[in-house]
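Engineer: Please see the structure below; I have some questions.
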Amino acid sequence: MKPRLQQTPVVVTLALICCALWGSAFPVIKIGYALFSINRSDIPSQILFAGCRFFCAGIISIVVGSIVSKKLLVPRTWPSFFRIIVLSLAQTVIQYVFFYISLAHTTGIKGAILESLNIFFSIIIASLLFRMEKLSLRKIAGCIIGFAGIILVNLTGNGNLKTLDFGFTLTGEGFMVISTVGAAFAAVMLRLFSRYDNPVLLSGWQFVSGGAVMIAAGYISGGRLSFGSVQAGLLLLYLAFLSAAAYSLWSILLKYNDVSRISIFGFMNPVFGVILSALLLGEGSMLANWKIPAALVLVCTGIICVNGKYKKKVLPADRKTDSCC
């Protein structure tokens, strides 16, 4: 019998919860920019804002994880410290610093499509570089189908492809690609490192260390946050909570499942982002667009394709790792 965290209903439920939380970040961050008086061109303040979010997310992850585990989650060996630093560089610093800078130099449509490349990179890195799983035609087909759904949901009203021009700049499209590579390596490293450390410990402390670096970089560069209302503080806490909850659940799923099986759900992030943006930003008319359900069908088909006829081989190292569940 499969362990609970490898059973398909559990995997699907937890992965979709993560995607819904991450999808909500898109409209909430936009609302946050207004509440904190952060201009679109104010990159230092954007990095400071992100750093505060992830630093708080790390604290929440560590506190909640310690309560659930009934022991204080702190790294106790130098190898654990090393794994946390490496993970924080890839997942928090590289991914999000380049992500925020890129969004200031490219269109939202191109950014959303390029960001989805991390799913391809995750599967390729896990399969070809780390040899953690096999790269099958079924996985490739699932990625292509899911990616088609992301392109569809990001097309303009009449399906105009002109917005998907082939222009390329280093600080725009180039930085977004670098961001996706960082995210892909982070997903693979989470799978690898969680054989030796509690996945919540890894997520929590990499957020703290990575967030601290981003806070320092943003502040030194001239970034400032204006807490002009209680709503601004509550919004920051929500962003911290969603990062803590989503990444902790995601890292636990990666501990017990192949990278491709979990990463493919990432195609749901932009779909949830569009739906929740329509609801939270007063753009309800977007939900009547035929492309939304069509894109959802394509994304779900891609997920099913990757997860079909799935058989899991439990690694001996997995059995030796303490579980936080």
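The values are calculated or read from the model by the stated rules, or taken from the named source; none is laboratory data. Note that the structure is a prediction, hence the values are computed from the model and not measured. Quick note on the areas: whole protein, heavy atoms, side chains included, nothing else; ligands and nucleic acids left out. Shrake-Rupley method; radii C 1.70, N 1.55, O 1.52, S 1.80 Å.
Engineer: Keeping every protein chain present and rolling a 1.4 Å probe, give me the accessible area per residue for region 50-93 in Å².
Structural biologist: On the way: 2250 Å² over 44 residues.
Here the per-residue accessible area is 51 Å².
Engineer: Can I ask one more? At what distance in angstrom do the alpha carbon centres of region 1-64 and region 126-151 lie from each other?
Structural biologist: Here the answer is 24 Å between Cα centres.
Engineer: With every protein chain present, what is the per residue accessible area of region 206-245 (1.4 Å probe, Å²)?
Structural biologist: On the way: 1870 Å² over 40 residues.
About 47 Å² of surface per residue is accessible.
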